[in-house]
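Participant: Have a look at the structure that comes next, please.
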Amino acid sequence: LDVLMDTWNFFYTCLVSLWLHRIYIYSVMAFGISLWIAIQFFSTKAKRKDENSNGNLVSSEAVEGKLVNGYATLQPKEVYVAGVKIFYGSQTGTAKRFAQDLAEAVTCLNLPVEVINMGNYDPDDCLAEETISRNICVFLVATYTDGQPTESAAWFCKWLEETANDFRFGKTYLKGLRYAVFGLGNSVYVDHYNTVGRNIDRWLWMLSARRIMTRVEGDCNVVQSKHGSIEADFEAWKSKFLSCLQALCRGEKKPCSGKCKKGKCKSQGKQSKESSNHERGAPEFENTEAEELFETTSEEEADAEEAGGTDSVVDVEDLGKIMSHMKKAKRERELEDGDAGMSLLGETSGRKETGERREMITAALRDALTKQGEVLKLLMELPVLPLVRAYQNSLSRAVCFIVLGEESKAMQCISA
Ligand SMILES: Cc1cc2nc3c(=O)[nH]c(=O)nc-3n(C[C@H](O)[C@H](O)[C@H](O)COP(=O)(O)O)c2cc1C
């Protein structure tokens, strides 16, 4: 029993002391809980940080993945000029030398370049490819006796001339081909000065190839040559060509010189003027050099001609188009006449009538309405107001029926 009592006393004392020191116990517990909370807080924060960093890694990978995918789907940077092909037709080597010189300059622009002897090139097989190749084709061509091309360029010129004049090829056969021409000649040969360069330029243009800059004619005649020699002429042309080429590479389109009326470049006019000037003995460079660089195709100029010109020769193929234009104009005129008839009635329906509806007013109906309108006008001048009102009503009804397309009922109203 004593043992029991002692044990009980011991527990009792402990409990009492605990109770007495409960404040410390609470404090320790509170401290412990706070510590636990703090530990939990920091550990979760650290965890989150880890997760975030891991997550970032994942998301950045995803982004990279997306980018990779993005790159896969992105359009490749547009290539405006894939390369330059320099065609030369030479007999004594000048054009060939110029071609090589130009090739070196083009290479400096980091563009692929190919120098082609026209004698080794079959236009029948290859030239059409240049319409989609994004290449710039340069023609350095010499003219020989009687305006003939060199032996090497003979087939090219023959083919091009025939193609340009052969309706089976169509006038857009070389659409998309971009080119520039530098002719080599001697103005001593007055009647055939630079004929080959001019012809090639014209034939390409006729087939809707795009001239990237005005043709220039180099002159071996130092007296007439604009720059004093054909070499200097070529150098001047070359620097213009290179700046034009750089602009094209940047995707810039050479602006029109501003000498064009209604979008129609005067290149052809200029060229014919060149010829006539030349016939008069004037140096051609005065014309060609004065022009700014500009692009044209025969197709564009033909479009401009169609839009603004009236005295052009009409192709039989275009007759259908012209006929439909004429029909449309006639219909519009008829509608205008119809409007005039309606205005006599002094009525405005306030509704925008379609062309189809207006066609319901046939010539007979228009005549009838016009007459009735005139009668109405006369009646208005007389002091018979009720009669005029009745008349006006019947005409209004007639107009309503016309709008609804009921021609016979409209006629009935008018005759009533
Ligand atoms: C025999 C002969 C005939 C020529 N006939 C013409 C001609 O009719 N029209 C012309 O503009 N140039 C004519 N020329 C000038 C050449 O076109 C010019 O010298 C050109 O630079 C030659 O180029 P190439 O060395 O590349 O053959 C003729 C030259 C020679 C030698």
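Participant: Please enumerate the residues belonging to the range 98-124 that are open to solvent by less than 60 Å² (accessible area, probe 1.4 Å) and in a helix (DSSP H, G or I).
Facilitator: F98, A99, D101, L102, A103, A105, V106, M118, G119, P123
Participant: Further question: Filter the range 226-238 for residues that are within 11 Å of the ligand (Cβ to nearest atom) and assigned to a loop (DSSP other than H, G, I, E, B) and give the result.
Facilitator: Matches in the range 226-238: S229 only.
Participant: Every residue in the range 190-211 that is assigned to a helix (DSSP H, G or I), away from the ligand (no atom under 16 Å from the Cβ) and buried (at least 24 other Cβ atoms within 10 Å of the Cβ), please.
Facilitator: L204, W205
Participant: To continue, here is another question. Scan the range 182-189 and tell me whether some residue there is out of contact with any helix residue (DSSP H, G or I) (no Cβ under 9 Å at 6 or more places or on another chain) and open to solvent by 20 Å² or more (accessible area, probe 1.4 Å).
Facilitator: Checked the range 182-189: at least one residue is out of contact with any helix residue (DSSP H, G or I) (no Cβ under 9 Å at 6 or more places or on another chain) and open to solvent by 20 Å² or more (accessible area, probe 1.4 Å).
Participant: May I pose another question? For the range 52-61, check the following and say yes or no: at least one residue is of a type in the set (A, V, I, L, M, F, W, C), modelled with pLDDT under 80, in a helix (DSSP H, G or I) and more than 25 Å from R134 (Cα to Cα).
Facilitator: Scanning the range 52-61 turns up at least one residue that is of a type in the set (A, V, I, L, M, F, W, C), modelled with pLDDT under 80, in a helix (DSSP H, G or I) and more than 25 Å from R134 (Cα to Cα).
Participant: Let me ask something additional. Only residues that are open to solvent by 10 Å² or more (accessible area, probe 1.4 Å) and farther than 26 Å from H192 by Cβ: list them for the range 125-154, please.
Facilitator: Correct list: D125, C126, A128, E129, T131, I132, S133, R134, N135.
The values are calculated or read from the model by the stated rules, or taken from the named source; none is laboratory data. The structure presented is a predicted model; accordingly, all values stated were derived computationally and were not measured. For neighbour counting, all protein chains shown are included, and Cβ atoms are generated from backbone atoms with ideal geometry for every residue, glycine included. What goes into the accessible areas is simple: the full protein's heavy atoms, side chains included, and nothing from ligands, DNA or RNA. Shrake-Rupley method; radii C 1.70, N 1.55, O 1.52, S 1.80 Å.
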